[in-house]
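The values are calculated or read from the model by the stated rules, or taken from the named source; none is laboratory data. Bear in mind that the values here come from a model prediction, so they are computed numbers and not experimental data. Neighbour counts run over all protein chains shown; Cβ positions are idealised from the backbone, glycine included. Note: areas computed on protein heavy atoms with side chains; ligands, DNA, RNA excluded. Shrake-Rupley method; radii C 1.70, N 1.55, O 1.52, S 1.80 Å.
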Amino acid sequence: MRKSVFLIPLTLFLFGKSNAQQKQQRSASSIISQMKNVADWQWTSLETEGWKNPKKDWTSGAMYTGMMAWSQLADTNLYYQKLIQVAEDNKWKTGGYRFFADDYCVGQTYAQLYNIYKTPVFIEDLKNLGDSLVKLPHTESLEWKNGIYTREWAWCDALFMGPPALAYLSEATGDPKYINKASELWWKSTAYLFDKEEHLFYRDSRYFNKKEKNGAKVFWSRGNGWVIAGLARVLSVMPENHPDRKRAVDLFIKMSEKLAKLQQADGTWHASLLDPESYPSKETSGTGFICYAMTWGVNNGLISYKKYEPVISKAWEALSTSVHPNGKLGFVQPQGAAPDKVGYEDTDVFGVGAFLLAGTEMFRLELKHNKNILVAEAHNRSSSNNTQTILIPWNRIVKTIKIKDPKQLLAKNAATAEIVPLNVNYKGKKITEVSITTNLSGGASKFFEISTK
């Protein structure tokens, strides 16, 4: 009789093939390696050179979103502990302007850490803020005057900063009122800032009548990256039966279609979306957020793999080639509110956040669309290390990989490419399943590729 340490749900994929040259050159393990390089460079830079902005700042908060996503794949609590230390330094508080979305972007990470560690203080301040936001009428005009940004989501960047913080708070508490408020305010901002002809968002009301050098309307790539990435994050925790989900998905599809058409030959979205020649350099922060959102959309079935894989692959190639050998991410447009110049040496923490978000989804995309490989997943939802045994039905292996002899099987850790032991379980003389036993650190996910030798 066999014994299993821990039985978990198993996700198995039957994979297709891409002809994109970039995809042929990348692997799941290479994506992880590059993400680690970028994450480690950023932490080392902060720890040795200091923080350019406060740890509660939106720039930092955007970085944490990517670091949080990376932590789930890193299979070590090192990165979680770095985030917890930052939050401890912040006393688990949001920024000084209570209702300024930039100042509660950090709440996204607090709520996600709470989901692992279940420590009430992690979300105590964020919950108090959410309770206040829910009660406010939010009836002011979004015209850019009288400090409206401290009270309303009057600029497109806010749609990455604010809505996901409330959405993840609903996930953490189980109370839908926060995501409901996020949705209500999302559509208020969309009604004001979304151009129905171009299917893009203005940065704020000051840009309604501005024109680029070529006469086009001014739409900023990172600004629209903020929007579509924020939309992906809200949708990731929005219930399937939520009354606003369908129109949120429709908006996601419209933006994806428009942005796909605006991708440049270098794989990026230049700072100015409708006048790319005015800022001809590639730009990685907007590109990172757009790549993340589109890849998330493909991975979750909102948009077509066949249609968007070439766009996504070109974007990831552009991002990858912008990483310096030491892990520094270049071509990040400096902080601002509009298109601007950018170069190889330009970097900032929010660009790293975008890169790591994109990388985590690219890793999953790579696994999901490799040919003749079965993927088994193990997830540790707790803060403690544990051991799990993944059970893989033999009939699924035979159907997917088309073999009869289990000695022909090979299992690898997808993140490290390390070969791992496979155990074969029998009922009498009949093979029932194969299993992989693995150790996981708190909050970690592991993925295993099963193929033929």
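Results, tabulated for the structure shown:
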{"item": "Matching residues, segment 193-219, being in a helix (DSSP H, G or I) and either acidic (Asp, Glu) or surrounded by fewer than 19 Cβ atoms within 10 Å (Cβ to Cβ) (or both)", "result": "205, 206"}
{"item": "Test set (1) open to solvent by 10 Å² or more (accessible area, probe 1.4 Å); (2) more than 25 Å from residue 382 (Cα to Cα) - residue 125 fails condition number", "result": "(2)"}
{"item": "Odd one out for residue 400, checked against (1) β-branched (Val, Ile, Thr); (2) under 30 Å from residue 113 (Cβ atoms); (3) in a helix (DSSP H, G or I)", "result": "(2)"}
{"item": "Odd one out for residue 245, checked against (1) of a type outside the set (A, V, I, L, M); (2) open to solvent by 40 Å² or more (accessible area, probe 1.4 Å); (3) over 15 Å from residue 198 (Cα atoms)", "result": "(2)"}
{"item": "Meets criteria (modelled with pLDDT under 95 and open to solvent by 40 Å² or more (accessible area, probe 1.4 Å)) for residue 412", "result": "no"}
{"item": "Which listed residue, of 111, 167, 182, 154, is of a type outside the set (Lys, Arg), surrounded by 23 or more Cβ atoms within 10 Å (Cβ to Cβ), part of a loop (DSSP other than H, G, I, E, B) and at pLDDT 95 or above", "result": "154"}
{"item": "Number of positions in segment 115-147 that are in contact with a Ser or Thr (Cβ under 9 Å, 6 or more places away or on another chain), part of a helix (DSSP H, G or I) and touching a residue at least 40 places away in the same chain (Cβ under 8 Å)", "result": "6"}
{"item": "Test result for residue 387, open to solvent by less than 20 Å² (accessible area, probe 1.4 Å) and on the phi < 0 side of the Ramachandran plot", "result": "no"}
{"item": "Number of positions in segment 48-96 that are out of contact with any strand residue (DSSP E or B) (no Cβ under 9 Å at 6 or more places or on another chain), in a loop (DSSP other than H, G, I, E, B) and either closer than 20 Å to residue 121 by Cα or open to solvent by less than 60 Å² (accessible area, probe 1.4 Å) (or both)", "result": "14"}
{"item": "Residues that are more than 20 Å from residue 335 (Cβ to Cβ) and among the acidic types (Asp, Glu), drawn from segment 145-164", "result": "152"}
{"item": "Residue in segment 313-331 that is modelled with pLDDT of 95 or more, open to solvent by 40 Å² or more (accessible area, probe 1.4 Å), under 22 Å from residue 200 (Cα atoms) and under 19 Å from the mean Cα position of the chain (by Cα) present", "result": "yes"}
{"item": "Residue within segment 283-299 that is under 20 Å from residue 345 (Cβ atoms) and over 15 Å from the mean Cα position of the chain (by Cα) present", "result": "yes"}
